[in-house]
Each structure stands twice: as C-alpha cells, then as structure tokens.
Amino acid sequence: MSISANYGPPAPKNQGIKVIRAAHEKGVTFFDTAEVYGPYTNEELVGEALAPFRDKVVIASKFGFAIDGTIGLNSRPEHIKQVTEASLKRLKTDRIDLFYQHRVDPAVPIEDVAGAIKDLISEGKVLHFGLSEASARTIRRAHAVQPVTAIQSEYSLWTRDPEQNGVLKACEELGIGFVPWAPLGEGYLTGKMDAHTKFDPKRTFDRSSRAFLLKPWQQIGRLLIC
C-alpha cells in the first residue's frame with residue numbers, strides 16, 4: 001500500500017518494481033494489495049512486478065469499497081464479480097490466490113458475499129476467501145457458506161482487540177489463519193519515531209497527529225494504565 005498511496009506521495013513505478021522484486025529475491029512469497037490502494041495503481045504495480053515469477057508467489061487482494069469519490073462500501077455480489085475481473089487484469093493473472101472483503105458492508109448480508117466468492121472459486125478466478133476487520137459472529141456466518149481461509153485485522157502491542165473480541169478464538173476454533181496488519185503500529189513501535197518526526201501534511205491517518213508522537217513505550221504504558 002505504502003508504495004502507491006496513503007503515506008505520502010507514491011514512489012516512482014520503477015522503484016516500486018525494484019523493491020517488490022528485491023523482496024522476492026530475499027525470500028518473500030506473499031504479496032498483499034487491494035483495488036483501493038492508489039486506487040488501482042498498486043494492483044497494476046504488483047501485477048507488473050510479479051509477472052516474471054507469478055507461479056512462485058501468492059497474491060492477496062481486496063474488494064469492498066465503492067471507490068466513487070466517497071468512502072462508501074459496496075460488497076454487492078454483482079459488484080464483487082466486476083471488481084474481480086478488473087483486478088485480474090490489473091494483476092496480470094488468471095486467479096487471485098486470496099481475496100479479502102476489505103471491510104464488512106452492513107448493507108449486504110455476509111452470506112451473500114460468501115456466496116459470491118464461492119461462485120468465483122468454482123470458476124477458478126479466486127482460490128481462497130478472506131475477511132478483514134470482521135467480527136467473530138460475521139466470521140462464523142461467512143464460514144458456514146464458504147470456508148474462510150484468512151482473517152486480517154490490526155494487531156500489535158498497542159492494538160489487542162482480536163484477543164478481546166473473540167476473533168482469535170473463532171479463528172482457532174474454525175482453523176482459519178490470522179494475518180495481522182500494522183504489527184509494528186504503522187512504524188511507531190520501531191522506536192524510530194519521536195516528537196521530532198515530520199509527516200506528509202496530506203496524510204490523513206489519525207496517528208499522524210501530535211497526540212501520537214509519544215515514544216512507543218510511553219504510548220503503550222498509557223494504554224495499559226487506562
């Protein structure tokens with residue numbers, strides 16, 4: 001995501017390709033992208049970078065945002081299938097190894113979402129179904145229609161929600177893999193950020209605010225005390 005959007009201006013395409021290919025050379029085989037990253041441009045980047053060795057890597061992508069100038073959600077089955085076709089073209093591949101619902105759409109029953117992915121799996125266009133930031137109840141309902149392979153939620157030293165909301169327990173019971181995003185707190189837990197760190201003014205994430213510029217162990221201490 002960060003190569004193409006969200007954390008400052010996008011890197012030059014050639015640089016992005018070099019980074020992804022260097023990662024593969026060093027043993028990375030799992031690459032995670034989404035249509036909303038860019039939007040669209042990150043999938044194009046990943047597709048071009050991985051094309052020479054597509055069969056040696058696993059590609060995960062995501063659907064679920066409207067991408068219509070709003071921050072709205074859209075997981076209607078017909079939309080999912082349209083997004084799938086577009087993502088396949090951008091990724092230069094004939095299948096998406098792991099396809100996540102990026103965020104749960106309250107307007108669409110999760111059973112309908114799982115059913116749409118089940119159809120795509122039967123067609124060979126998607127190999128595995130994933131959910132991102134879903135509740136334990138939603139995970140169980142989806143899994144009953146189409147087995148869920150992976151759950152992606154924020155999880156780190158300062159974000160422990162999956163331990164408390166039943167998500168990790170549900171994954172363990174159902175045999176679902178858990179993929180943490182921001183395991184280093186978007187960089188804050190690396191010890192490289194402090195009160196002097198400057199962020200791109202266009203960055204919109206709350207953690208770019210002065211309130212988050214405590215040293216990581218101070219922030220964790222505050223959270224634990226609370």
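The values are calculated or read from the model by the stated rules, or taken from the named source; none is laboratory data. Everything numeric here is computed off the predicted structure, so don't read it as measured data. A quick note on method: Cβ atoms are made from the backbone with ideal geometry, for glycine too, and the neighbour counts reach across all protein chains shown. Protein only, heavy atoms only, side chains kept; ligands, DNA and RNA dropped before computing areas. Shrake-Rupley method; radii C 1.70, N 1.55, O 1.52, S 1.80 Å.
In the complete set of protein chains, residue-level accessible area for HIS102 is approximately 20 Å², probe 1.4 angstrom.
Rounded to the nearest 0.05, what FRET efficiency is calculated for ALA195 and GLU173 with R0 set to 30 Å and r the Cβ-Cβ distance? With a Förster radius of 30 Å, E is 0.10. Residues of the range 98-114 falling in the label zone of MET1, defined by backbone nitrogen less than 15 Å from a point 7 Å along Cα to beta-carbon, are 100-104. Rolling a 1.4 Å probe over the heavy atoms of the protein chains gives the chain an accessible area of 53 Å² per residue.
Beta bridges per DSSP, both residues in the chain: antiparallel share near 10 percent. Summarising the label geometry, the points placed 7 Å from Cα in the beta-carbon direction at ARG137 and THR70 lie 2.5 nm from one another.
The stretch between THR29 and ALA86 holds 18.2 nm of extra length on full extension. This uses 0.36 nm per residue minus the Cα-Cα distance.
Computed extension length for ASP55-ASN165: 35.9 nm, one decimal, from 0.36 nm per residue of separation with the Cα-Cα distance subtracted.
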